[in-house]
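Novice: Provided herewith is a single structure, encoded as structure tokens, for subsequent inquiry.
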Amino acid sequence: MTDYSNSCVTSKNDFSDDDEHYSDIQSPSSHCDDLDSEDEKTKHAREQHRALERRRRDNIKEMYAVLKNNIPVNDLDAPARTTILIRTFETIKETSQAIQEYDDDCRTLQEENEQLEEELAALEKEYLEITNESDDETQSNSNKTN
């Protein structure tokens, strides 16, 4: 964020024609001196505004260049800013849709994984029961023969 605290800004009151504003003027020459300083303040404020506006425009131009370099624009070598913005919007929309699809796929795969883990646990339990039964039968058969 730009800090405007040090800028010389004139308000509407600085240019007023109120008698109170000129009540302390003693001679016409001092009045001219005041106008010169007011003119200087105005020029300074105008220069600062121009510089600020130039920086703002340069920043916008730079951001368009960044977008142009990062967004696929197939139309021209030097596409219009409108084209860059439209293509940027389309790319953001496509990316958001792809992310949503990946999230949906991920949820589906997680649910499928949970079902497979439940099936595996049930099969392992069934296997243990079968092996325990067969061990019990083998043990009881060996006890009968002894």
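Novice: Fully extended, how many nm does the chain gain between LYS93 and GLU62 (0.36 nm per residue separation, minus their Cα-Cα distance)?
Specialist: 8.9 nm
Novice: Residue-wise, which Karplus ³J(HN,Hα) couplings in Hz belong to the stretch 128-135, taking 6.51 cos²θ - 1.76 cosθ + 1.60, θ = phi - 60°, and x for glycine or proline?
Specialist: Once rounded to whole Hz, the list reads 4, 5, 5, 5, 5, 5, 5, 5.
Values quoted throughout were computed directly from the atomic coordinates according to the rules given, and no laboratory measurement underlies them. Quick caveat: nothing in here was measured; it's all calculated off a predicted structure.
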